[in-house]
Amino acid sequence: QAFSLFVKAKEVPPAGRVRWRCCQQAFEELAGIHRHVALQHGEDVGRQAGVEAGLSPSPGPALAGEAEGPGGHPCGGPEISWALPDTSHLSHEDLTSKVGEVLLYYCYCEVKDPEKLCAWQKALCQHLHLTGKVRVASEGINGTVGGSKVATSLYIEVMLSQPLFKDILCQEDFKSSAGGAHCFPDLRVGVFKEIVPMGIDPKIVSYKETGIHLSPQEFHREVEQYLSQASQGESDTILLDCRNFYESKIGHFQGCLAPDIRKFSYFPSYVDENLELFKDKRVLMYCTGGIRCERGSAYLRSKAVCREVYQLKGGIHKYLEEFPDGFYRGKLFVFDDRYAICSNEDIISACRYCGTLWDQYKLCSSQHCRQLVLTCPSCCDKGLTACCPVCQEKELKVTSRASGQTLKEECECTWRRPRVPIEHVSHRTLDAGK
């Protein structure tokens with residue numbers, strides 16, 4: 001709030017394109033004045049926030065990002081630092097080079113002011129010319145951002161120095177892959193109730209009740225033992241993929257159980273409908289980067305039916321760094337314009353139309369459909385570019401409610417996919433060698 005008020009105080013009457021003036025400089029864009037205030041007036045904003053909170057200015061410098069209470073002790077936990085990295089020594093090319101990487105990370109921690117963290121994140125990403133998606137909530141932060149390697153390195157450095165994440169977030173928590181700012185259409189930073197949308201109030205099912213974390217090496221040994229026992233019909237373990245069906249379709253661990261769900265918010269219902277399946281079982285869970293397992297394992301544990309619940313720390317990303325030719329086969333689906341990244345040459349999925357091996361997704365060609373489709377070049381050349389016959393045969397028109405709210409187009413894929421699939425363990429077969 002103090003930051004917003006400070007920026008607002010710098011507004012000037014309309015004078016061409018100039019909207020703010022500060023330190024004898026003119027600013028036309030909100031991002032520009034945000035960067036300037038964060039870089040040059042962090043202390044001023046901090047003092048203003050202290051005045052608004054009724055705190056007296058401390059006689060000496062406090063620890064970075066902390067407000068001191070009576071007796072010099074930090075009060076209210078670590079505050080959010082507005083610091084942005086110095087980029088004056090870097091060229092525009094250094095920060096905007098298309099040759100870069102995509103970072104995936106999350107951090108569960110108590111955030112007292114999600115709006116302030118959101119504003120800082122937006123200013124930081126704009127300052128570094130990063131694109132992507134960042135979700136902020138009172139339970140932490142979850143981000144996927146892309147940019148030049150210089151920019152992403154600075155981003156990690158600043159994130160690790162943020163007092164809010166001190167002793168929680170570390171270098172190893174950032175998963176990286178080849179890419180850049182071009183992998184995302186824009187930058188989206190927002191405040192949400194959950195940093196991963198499971199649809200369950202974090203106060204009811206908390207990340208603090210998560211399963212037991214296994215390193216990639218430990219997880220590899222567990223999967224090896226599980227596959228050996230499963231091939232002999234002796235396993236008491238379930239290897240659970242808690243991602244969506246279109247993710248597991250193009251890549252998964254051998255012998256896994258991959259629920260036929262379209263959104264992670266369907267995962268709790270899937271668990272509720274299949275409690276008998278998990279009764280007295282050891283469950284090994286995994287997802288892309290580990291964040292869905294944090295809440296997913298907590299939800300599964302809350303049902304008190306499993307004997308033990310484990311999860312892959314760092315997700316598939318970290319596992320593939322250690323075991324590119326391990327037990328995970330196929331591509332790793334990612335939520336950006338790349339759709340998938342590769343660690344091995346295996347193709348485990350097929351073209352939707354001709355059945356030939358194919359694993360490169362495209363959006364359905366039907367104008368308003370947002371389903372992903374696997375269609376090989378040969379079928380594309382024949383005009384087979386939609387997700388199902390309904391979309392292929394005609395363009396469905398978007399209908400609107402009286403209120404003007406646009407309805408999403410539904411097609412055969414939507415109609416035929418049950419919201420909560422029920423797994424029947426007696427009908428399930430595990431082929432360890434497949």
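Out of 189, 136, 150, 145, which single residue is surrounded by fewer than 21 Cβ atoms within 10 Å (Cβ to Cβ) and hydrophobic (A, V, I, L, M, F, W, C)? Spell out how you get there, then give the answer.
Numbers: 189 fails: surrounded by fewer than 21 Cβ atoms within 10 Å (Cβ to Cβ); 136 fails: surrounded by fewer than 21 Cβ atoms within 10 Å (Cβ to Cβ); 145 fails: surrounded by fewer than 21 Cβ atoms within 10 Å (Cβ to Cβ).
Every option except 150 fails the conditions.
Residues in region 284-305: is at least one polar (S, T, N, Q), open to solvent by 10 Å² or more (accessible area, probe 1.4 Å), touching a residue at least 24 places away in the same chain (Cβ under 8 Å) and under 30 Å from residue 355 (Cα atoms)? Even if it seems obvious, please write down each step before you answer.
Taking region 284-305 first, the residues polar (S, T, N, Q) are 288, 297, 302.
Applying the additional criterion that residues be open to solvent by 10 Å² or more (accessible area, probe 1.4 Å) yields 288, 302.
Now drop any that are not touching a residue at least 24 places away in the same chain (Cβ under 8 Å), which leaves 288, 302.
Narrowing the set further to residues that are under 30 Å from residue 355 (Cα atoms) leaves 288.
The answer is yes, given that some residue of region 284-305 is polar (S, T, N, Q), open to solvent by 10 Å² or more (accessible area, probe 1.4 Å), touching a residue at least 24 places away in the same chain (Cβ under 8 Å) and under 30 Å from residue 355 (Cα atoms).
Please enumerate the residues belonging to region 99-126 that are open to solvent by 20 Å² or more (accessible area, probe 1.4 Å), under 15 Å from residue 186 (Cα atoms) and in contact with a helix residue (DSSP H, G or I) (Cβ under 6 Å, 6 or more places away or on another chain). Across region 99-126, the qualifying residue is only 126.
Looking at region 164-201, which of the residues that are among the acidic types (Asp, Glu) and closer than 18 Å to residue 295 by Cβ is farthest from the chain's Cα centre (by Cα)?
The first filter runs over region 164-201 and keeps only residues among the acidic types (Asp, Glu), leaving 167, 172-173, 186, 194, 201.
Next cut, closer than 18 Å to residue 295 by Cβ only: 173, 194, 201.
Working: 173: 13, 194: 11, 201: 18 Å.
Going through the qualifying residues, I end up with 201.
Across region 339-349, the number of residues qualifying as among the aromatic types (Phe, Trp, Tyr) and open to solvent by 60 Å² or more (accessible area, probe 1.4 Å) comes to 0. Can you work out which of the residues in region 350-367 that are assigned to a loop (DSSP other than H, G, I, E, B) and hydroxyl-bearing (Ser, Thr, Tyr) is least open to solvent (accessible area, probe 1.4 Å)? Here the residue is 366. Might you check whether a residue that is outside any loop (DSSP other than H, G, I, E, B), in the same structural domain as residue 226 (by the TED database) and either within 30 Å of residue 277 (Cα to Cα) or open to solvent by 40 Å² or more (accessible area, probe 1.4 Å) (or both) occurs anywhere in region 331-338? Scanning region 331-338 turns up at least one residue that is outside any loop (DSSP other than H, G, I, E, B), in the same structural domain as residue 226 (by the TED database) and either within 30 Å of residue 277 (Cα to Cα) or open to solvent by 40 Å² or more (accessible area, probe 1.4 Å) (or both). Between 101, 115, the distinction of being in contact (Cβ under 8 Å) with a residue 60 or more places away in the chain and part of a helix (DSSP H, G or I) belongs to 115 only.
Of everything in region 249-271 that's open to solvent by 10 Å² or more (accessible area, probe 1.4 Å) and touching a strand residue (DSSP E or B) at 6+ places or on another chain (Cβ under 7 Å), which residue is farthest from residue 324 (Cα to Cα)?
Keep residues of region 249-271 that are open to solvent by 10 Å² or more (accessible area, probe 1.4 Å), which gives 249, 252, 254-256, 258, 260, 262-266, 269.
Now drop any that are not touching a strand residue (DSSP E or B) at 6+ places or on another chain (Cβ under 7 Å), which leaves 252, 254-256, 258.
Details: 252: 13, 254: 14, 255: 17, 256: 18, 258: 21 Å.
My answer is 258.
Out of 379, 387, which single residue is modelled with pLDDT of 65 or more, open to solvent by less than 40 Å² (accessible area, probe 1.4 Å) and in contact with a helix residue (DSSP H, G or I) (Cβ under 8 Å, 6 or more places away or on another chain)?
Details: 379 fails: in contact with a helix residue (DSSP H, G or I) (Cβ under 8 Å, 6 or more places away or on another chain).
387 is the lone residue from the list that is modelled with pLDDT of 65 or more, open to solvent by less than 40 Å² (accessible area, probe 1.4 Å) and in contact with a helix residue (DSSP H, G or I) (Cβ under 8 Å, 6 or more places away or on another chain).
All of 31, 38, 83 fail the test of being modelled with pLDDT under 90, open to solvent by 30 Å² or more (accessible area, probe 1.4 Å) and among the hydrophobic types (A, V, I, L, M, F, W, C), apart from 83.
Out of region 224-245, which residues are out of contact with any Lys or Arg (no Cβ under 8 Å at 6 or more places or on another chain) and either open to solvent by 20 Å² or more (accessible area, probe 1.4 Å) or not assigned by the TED database to the domain that holds residue 279 (or both)?
As a first pass, look at region 224-245 and keep what is out of contact with any Lys or Arg (no Cβ under 8 Å at 6 or more places or on another chain): 224-235, 239-241.
Selection gives 224, 225, 228, 229, 231, 232, 233, 234, 235.
Here residue 242 clears all of (1) closer than 30 Å to residue 361 by Cα; (2) in contact (Cβ under 8 Å) with a residue 60 or more places away in the chain except the condition numbered (2). Within region 306-326, if we keep just the residues that are open to solvent by 10 Å² or more (accessible area, probe 1.4 Å), in a helix (DSSP H, G or I) and touching a residue at least 60 places away in the same chain (Cβ under 8 Å), the residue that is nearest to residue 103 (Cα to Cα) turns out to be 317. Condition first: in a loop (DSSP other than H, G, I, E, B), touching a Gly at 6+ places or on another chain (Cβ under 6 Å) and either under 20 Å from residue 192 (Cα atoms) or at pLDDT below 95 (or both). Can you find one or more residues in region 129-146 that meet it? Looking for residues that are in a loop (DSSP other than H, G, I, E, B), touching a Gly at 6+ places or on another chain (Cβ under 6 Å) and either under 20 Å from residue 192 (Cα atoms) or at pLDDT below 95 (or both), one finds none in region 129-146, hence no.
The values are calculated or read from the model by the stated rules, or taken from the named source; none is laboratory data. Keep in mind that what you see is a predicted model, and the values were worked out from it rather than measured. Note that we place each Cβ from the backbone using ideal geometry, even for glycine, and neighbour counts take in every protein chain shown. Quick note on the areas: whole protein, heavy atoms, side chains included, nothing else; ligands and nucleic acids left out. Shrake-Rupley method; radii C 1.70, N 1.55, O 1.52, S 1.80 Å.
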